[in-house]
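Quick notes on the structure that follows.
The values are calculated or read from the model by the stated rules, or taken from the named source; none is laboratory data. Nothing here was measured: the structure is a model prediction, and the numbers come from that model. Here Cβ is always computed from backbone atoms with ideal geometry, including for glycine, and neighbour counts include all displayed protein chains.
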Amino acid sequence: MGEVLIGGTAALLLCIFLSPRFIAFMHDRQFGQQIREEGPAGHHAKAGTPTMGGVIILIAIAVPFLILTDWDWRAVGVFGTLVACAGIGFADDYVKIVKRRSLGLRGRTKLILTIIISLALWWIAKEKAGITTTVRLRIVDASVDVGPLFPVLIYFVIAGSANAVNLTDGLDGLAAGCAAIVMLAFIGITYITTGDRDLSLLSACVVGSCVGFLWFNAFPATIFMGDTGSYGLGGAVGALSIMTNTEILLLLLGGIFVIEALSVIIQVFAFKTFRRRVFLMAPIHHHFEMRGWSETKIILRFWIVAIVLAAIGFTLYQASVS
């Protein structure tokens, strides 16, 4: 447990130490966030705020993890997915900054890269980590062997979690706080329940880096994580669920991300089918903004929901293995 705590603390301190220098670097080069015209009016004041803070999150995770890890293949798979997904996000952020527009990589490019990452994770899980193709439902005492569809499942988990965290990253500190909460649950799953030290270490490093980043990302944010951070964190969450056989339980563990993604799906479906909107604006955190809730109120309440859902998910996991 000592090395897990050391890793998390080191990640937190690294993030706090490096962030001011990175913020100054981005300010000097005028690399700031581009705000969509159709977004909430209050967000236009955030234009120009330094972005790509995910670079700092990634460094803060990588340094203590690479020093302390025993190179367990499951942890290597999760860390590799984190880095690769962060790479997609970095390319997306870079295109936005260079072209000075809110659109980044093409959807087809992201799709192809995500498929490659998913296949690599599948190979590690199957050939190196010994992960079976049996999916535990856990909510009920049942399991399903997906067999040759396992790579497809991995793709949907990775793509879904990466995009869900990206959608959640719309308010100051919302995605970082929720990611830290989900990873705290995974520390419990990997250390308390299964005793997997390396996965616990990596989860702790993610928690530490997210908490350290919140020092500067909390409202009013002086830096945003950008797609570099949201895609990387989402990829790590998805990969952890694969390596701990909690793919289905992730719907609860990362419930706030699921809610955010579902709100967008529902909004798009309702508009295309009935030409009506269910929410004032999607993702759902913008709906509450449009209803007059303050940004801080939305963030805190979403964090509470994330804590409750993650706690329920962790309890169900423990009950299923006891």
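Here is how the numbers come out for the structure above:
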| item | result |
| --- | --- |
| Per-region count, the range 199-226, residues over 15 Å from Leu14 (Cα atoms) and either of a type in the set (Gly, Ala, Ser) or surrounded by fewer than 24 Cβ atoms within 10 Å (Cβ to Cβ) (or both) | 8 |
| Qualifying residues in the range 63-88 (those that are under 17 Å from the mean Cα position of the chain (by Cα) and closer than 21 Å to Tyr191 by Cα) - the one surrounded by the fewest Cβ atoms within 10 Å (Cβ to Cβ) | Gly80 |
| Selection status of Thr81, out of contact with any strand residue (DSSP E or B) (no Cβ under 7 Å at 6 or more places or on another chain), assigned to a helix (DSSP H, G or I), touching a residue at least 40 places away in the same chain (Cβ under 8 Å) and β-branched (Val, Ile, Thr) | yes |
| Number of positions in the range 196-239 that are over 14 Å from Leu174 (Cβ atoms), assigned to a loop (DSSP other than H, G, I, E, B) and not β-branched (Val, Ile, Thr) | 1 |
| Given (1) in contact (Cβ under 8 Å) with a residue 60 or more places away in the chain; (2) under 20 Å from the mean Cα position of the chain (by Cα), number of the condition Ala91 does not satisfy | (1) |
| Number of the exception - Ile248 against (1) in contact (Cβ under 8 Å) with a residue 40 or more places away in the chain; (2) part of a helix (DSSP H, G or I); (3) β-branched (Val, Ile, Thr) | (2) |
| Yes/no for Ala24 being at pLDDT 95 or above, of a type in the set (Gly, Ala, Ser) and part of a helix (DSSP H, G or I) | no |
| Test: Asp172 is acidic (Asp, Glu) and within 21 Å of Ser241 (Cα to Cα) | no |
| Test: residue in the range 155-172 that is over 11 Å from the mean Cα position of the chain (by Cα) and surrounded by fewer than 18 Cβ atoms within 10 Å (Cβ to Cβ) | yes |
| Positions within the range 137-186 being without any contact (Cβ under 8 Å) to a residue 24 or more places away in the chain and of a type in the set (Ser, Thr, Tyr), in sequence order | Ser143 |
| Hits in the range 104-120 - residues which are in contact (Cβ under 8 Å) with a residue 40 or more places away in the chain and more than 25 Å from Ile259 (Cβ to Cβ) | Ile115, Ala120 |
| Residue satisfying all of: in the range 28-70; small (Gly, Ala, Ser) and closer than 14 Å to Val206 by Cβ; modelled with the lowest pLDDT among these | Gly54 |
| Scan of the range 59-93 for residues that are among the aromatic types (Phe, Trp, Tyr) and in contact with a Ser or Thr (Cβ under 6 Å, 6 or more places away or on another chain), ordered by number | Phe90 |
